[in-house]
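Engineer: Below you will find the structure I want to go over with you.
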Amino acid sequence: MRYGITLDGRAPIAETLALVHAAEAQGLECAWVGEHLGHRDAFVYAATLLERTRRITVGVGAISPHYRHPAQIAMGVATLRETYGARVRLMIGLGNADQIARLGGDTRAPARSVREAVTIVRALLEAGHAEVRGRRFTAAGVRMGAVAPAPVPIYVAAVRDGMLRVAGEVGDGVSLGAAASPDYVVHAVARARAAATAIDRDPAKLEVTCNIITAVAASRSEALARVKPQVALILANGNDYMFRFQPHPLDRAEVREALAAGPDALDRAIPDETADALAVAATPDDFRERLAAFERAGVDLALLRVVGALDDQLALVRALGSARDRP
C-alpha cells in the first residue's frame with residue numbers, strides 16, 4: 001500500500017505547505033486538495049503546492065460538477081498539466097448536497113451527474129473535444145483551444161452503491177471518503193470491481209484510494225480524542241450510508257449538537273469504539289498495524305487526513321516515512 005495525505009482546504013496554505021514539504025521529504029506519493037464551498041479554491045491551492053514542491057503528485061478534488069461545469073474542470077486540469085506534467089491528478093464527486101442547494105443546484109440522480117461529468121472531462125482531456133448531450137450536463141461541440149488536451153487519471157469519489165458502480169465503469173480509480181472503516185472498504189471494493197467486471201473492464205486496474213482520518217499520540221485515549229472531532233464532522237455532514245458501517249447507532253442531530261457544544265459533549269456522543277472503527281487512532285507502536293488493516297481490506301493508496309496540531313501532524317508524517325523504510 002502506498003501513502004499520501006489529503007487536505008480539506010480549510011487550514012491556511014502556509015501551514016499545509018509545511019505538511020506537504022514533509023510528505024515529499026518522506027517519500028510519500030501524493031497530496032490531495034479538496035474543495036468546500038466558502039473555503040480555498042482547489043485549483044489555485046493545487047497550483048501553489050505544485051509550484052513549491054518538486055516531486056510529489058498533487059490531486060485536485062473531489063471537485064463537484066455542480067460547482068464547476070465539467071468543461072471548466074477539464075480546462076483547469078489541462079492548464080495544471082501543461083505546467084506541471086504528470087504530477088497532476090483529478091477526482092470528481094457529487095459534493096456536499098447542502099452546499100449545492102445553497103447555490104441553487106439540484107442533486108437528484110447524483111450517479112448520472114458524475115458519470116456525465118467524467119465522460120465530458122475525459123473526452124476533453126484525451127481527445128480535445130466533446131460531443132455530449134446529457135440529461136444533467138452538456139458539452140456540445142466543445143473543443144480545447146489554446147490549452148492542449150492531456151490525459152490525467154480521473155478518480156471517482158464514491159460512497160453509495162450507485163456511485164461505486166460509476167467508479168467501476170468509468171473511473172481510473174475509486175476514492176472512498178473519510179470515516180470509512182475496513183469493513184466498509186471490503187464492501188465498497190467488491191461493488192466497484194464487480195461493476196468493472198460487468199462491462200469487461202479489468203477490475204484489477206481500478207485503483208482504490210481511501211481517505212483515512214489519522215492521529216498518533218502517546219496513548220490510545222489521546223489519539224481517540226484527536227480523531228473524534230473529525231469523525232463527528234463527517235457523520236454530521238456526510239452521507240447517511242456510512243451509518244450502516246459503524247458499531248453503534250448514532251443520531252445525526254445529536255452529533256451536530258455535540259459538535260457545537262464542545263469536547264466533553266463530543267466525547268459522550270461518539271463512543272470510543274465508533275471512533276476506533278472509523279479512524280486510525282494509534283500509538284507509535286501500533287500505527288503501522290492499524291494502517292495495514294486498510295491494505296488487507298483492499299486499499300492501494302491510503303490518503304491520510306492527519307489531525308491534531310501542526311507539530312503533531314508533522315511528527316506523524318515523519319513516523320510514516322520511517323515505518324515505510326522498515327521491513
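Engineer: Using a 10 Å Cβ count of at most 11 others and DSSP loop calls, identify the longest part of the chain lacking such trypsin sites (Lys or Arg not before Pro).
Structural biologist: On the way: sites that count: Arg10, Arg54, Arg55, Arg108, Arg135.
For trypsin sites (Lys or Arg not before Pro) (loop position, at most 11 other Cβ atoms within 10 Å), the longest site-free span of the chain is 136-327.
Engineer: How high is the relative contact order of segment 51-197, in percent, with contacts defined as C-alpha pairs under 8 Å that are six or more residues apart? Before the final figure, lay out the partial values.
Structural biologist: Values: 251 pairs, mean separation 31.5, N = 147.
That works out to 21 percent.
Engineer: Can you give the charge dipole size of the chain about its Cα centre, rounded to the nearest 20 debye, using +1 on the beta carbon of Lys and Arg and -1 on the beta carbon of Asp and Glu? The partial results should precede the final answer.
Structural biologist: Values: 39 positive and 38 negative charges, 199 e Å.
That gives the chain a dipole magnitude of about 960 debye.
Engineer: Using 7 Å Cα-to-Cβ label points, what is the Asp41/Glu254 separation (nm, one decimal)?
Structural biologist: 4.3 nm
Engineer: Starting from the eigenvalues of the Cα gyration tensor, five times each then square-rooted, give me the equivalent ellipsoid semi-axes of segment 150-272, largest first, whole Å. Don't skip to the answer; put the middle values down first.
Structural biologist: Values: eigenvalues 206, 44, 29 Å².
Over the Cα atoms of segment 150-272, the ellipsoid semi-axes are 32, 15, 12 Å.
Engineer: With the other protein chains left in place, how much accessible area per residue, in square angstrom, belongs to segment 16-159 at a 1.4 angstrom probe?
Structural biologist: Numbers: 6050 Å² over 144 residues.
Roughly 42 Å² per residue, with all protein chains present.
Engineer: Once both axes come from the Cα atoms, what is the angle between helix 110-126 and the longest principal axis of the chain, in degrees from 0 to 90, rounded to 10?
Structural biologist: Helix 110-126 sits at roughly 60 degrees to that axis.
Engineer: A further question on this structure: Run through the DSSP bridge list for segment 103-219 and note the antiparallel percent, rounded to the nearest 5. Could the numbers behind the result be given before it?
Structural biologist: On the way: 5 of 13 bridges.
The answer is about 40 percent antiparallel.
Engineer: Please give me, ordered by residue number, the GluC sites (Glu not before Pro) of segment 6-42 that lie in loop per DSSP and have at most 12 other Cβ atoms within 10 Å. If you can, show how the numbers build up before the last one.
Structural biologist: Working: sites: Glu15, Glu24, Glu29, Glu35; in loops: Glu29, Glu35.
Sites meeting the loop and neighbour criteria: none at all.
Engineer: What does the accessible area per residue of segment 199-304 come to in Å², with a 1.4 Å probe and no ligands, DNA or RNA counted?
Structural biologist: 46 Å²
Engineer: Suppose a student asked you for the relative contact order of segment 245-327, using Cα pairs under 8 Å spaced at least 6 residues apart; what percent would you report? Each step should come with its number before you reach the end.
Structural biologist: On the way: 30 pairs, mean separation 16.6, N = 83.
Across segment 245-327, relative contact order equals 20 percent.
Engineer: A further question follows. Ignoring any ligand, DNA or RNA, what whole percent of the accessible area of the chain comes from carbon and sulfur when the probe is 1.4 angstrom? Don't skip to the answer; put the middle values down first.
Structural biologist: Working: 7050 of 14080 Å².
Roughly 50 percent, rounded to a whole number.
Engineer: Can you give the angle from 0 to 90° between the axis of helix 220-237 and the longest principal axis of the chain, with both taken from C-alpha atoms, to the nearest 10?
Structural biologist: Long axis of 220-237 versus the principal axis of the chain: about 40 degrees.
Engineer: Could you estimate the translational diffusion coefficient of the chain from the Stokes-Einstein equation, with Rh from the Kirkwood formula over C-alpha pairs, at 37 °C and 0.692 mPa s, in whole µm²/s?
Structural biologist: Working: Rh = 20.1 Å.
Answer, rounded: 164 µm²/s.
Engineer: Roughly what would the spin-label model give for Val186 and Asn237, points 7 Å off Cα along C-beta, in nm?
Structural biologist: The two pseudo-label positions are separated by 3.1 nm.
Engineer: Related question: Using 0.36 nm per residue of separation minus the Cα-Cα distance, give me the extension gain between Ala292 and Glu15 in nm, one decimal.
Structural biologist: Values: separation 277, 0.36 × 277 = 99.72 nm, distance 2.82 nm.
Value of the extension gain: 96.9 nm.
Engineer: Work out the charge dipole of segment 173-246 with +1 on the Cβ of Lys and Arg and -1 on the Cβ of Asp and Glu about the Cα centre, then indicate which of Val186, Ala215, Asn237 is farthest towards its positive end.
Structural biologist: Value: Ala215.
The values are calculated or read from the model by the stated rules, or taken from the named source; none is laboratory data. The structure displayed is predicted, hence computed values, not measured ones. So basically every Cβ, Gly included, is an ideal-geometry build from the backbone, and we count neighbours across all protein chains shown. Side chains are part of the model used for accessible areas, which takes the heavy atoms of the whole protein and leaves out ligands, DNA and RNA. Shrake-Rupley method; radii C 1.70, N 1.55, O 1.52, S 1.80 Å.
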